[in-house]
1. Which one is surrounded by the most Cβ atoms within 10 Å (Cβ to Cβ) among residues in region 76-100 that are without any contact (Cβ under 8 Å) to a residue 40 or more places away in the chain and over 13 Å from Q24 (Cβ atoms)?
2. Output the residues belonging to region 76-100 that are among the hydrophobic types (A, V, I, L, M, F, W, C) and at pLDDT 90 or above.
3. Go through L51, L45, L15 for me and flag whichever is modelled with pLDDT under 95, within 17 Å of L94 (Cβ to Cβ), touching a strand residue (DSSP E or B) at 6+ places or on another chain (Cβ under 8 Å) and surrounded by 13 or more Cβ atoms within 10 Å (Cβ to Cβ).
4. Suppose the filter is surrounded by fewer than 13 Cβ atoms within 10 Å (Cβ to Cβ), within 17 Å of the chain's Cα centre (by Cα) and at pLDDT below 90; does G73 pass it?
5. Take region 30-57 and flag every residue that is in contact with an Asp or Glu (Cβ under 8 Å, 6 or more places away or on another chain) and in a loop (DSSP other than H, G, I, E, B).
Amino acid sequence: MRVSDEPHPATFVRLPGDVQRPFQVFLNGIEQREGVDFVVREGALVFGRELAKEQLGVGRWTSMVFGIAGAYGKNDTVDIVYERNGRPAVASKLPFEPAR
């Protein structure tokens with residue numbers, strides 16, 4: 001096995017202030033497991049890989065509107081299901097950034 005000293009890509013997702021345990025985390029609609037797919041650190045989820053948000057430029061947007069381009073780029077979404085005041089709640093499409 002080859003081990004590198006270079007940092008591994010990771011992604012940081014800040015938890016909304018009202019999220020309490022227990023909660024479920026979904027990445028692109030697929031449930032993620034704490035300790036396997038992410039860890040919770042200092043009020044945030046930290047994924048051990050880089051997540052991507054599609055950036056639509058004017059040319060790409062125009063080609064989609066006119067039906068020239070039908071495929072989308074990579075656009076990861078992170079959602080959290082939890083309880084707020086005893087009722088189910090969802091924090092959807094949370095923003096993310098590269099971990100520090």
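1. K93
2. V78, I80, V81, A89, V90, A91, L94, F96, listed by residue number.
3. Values: L45 fails: modelled with pLDDT under 95; L15 fails: modelled with pLDDT under 95.
So the residue among L51, L45, L15 that is modelled with pLDDT under 95, within 17 Å of L94 (Cβ to Cβ), touching a strand residue (DSSP E or B) at 6+ places or on another chain (Cβ under 8 Å) and surrounded by 13 or more Cβ atoms within 10 Å (Cβ to Cβ) is L51.
4. For G73, the condition - surrounded by fewer than 13 Cβ atoms within 10 Å (Cβ to Cβ), within 17 Å of the chain's Cα centre (by Cα) and at pLDDT below 90 - is met.
5. Within region 30-57, G48, L51, A52, K53 qualify.
The values are calculated or read from the model by the stated rules, or taken from the named source; none is laboratory data. All figures in this text were calculated on a predicted structure; none of them were measured in a lab. Cβ: placed from backbone, ideal geometry, glycine included. Neighbour counts: every protein chain shown.
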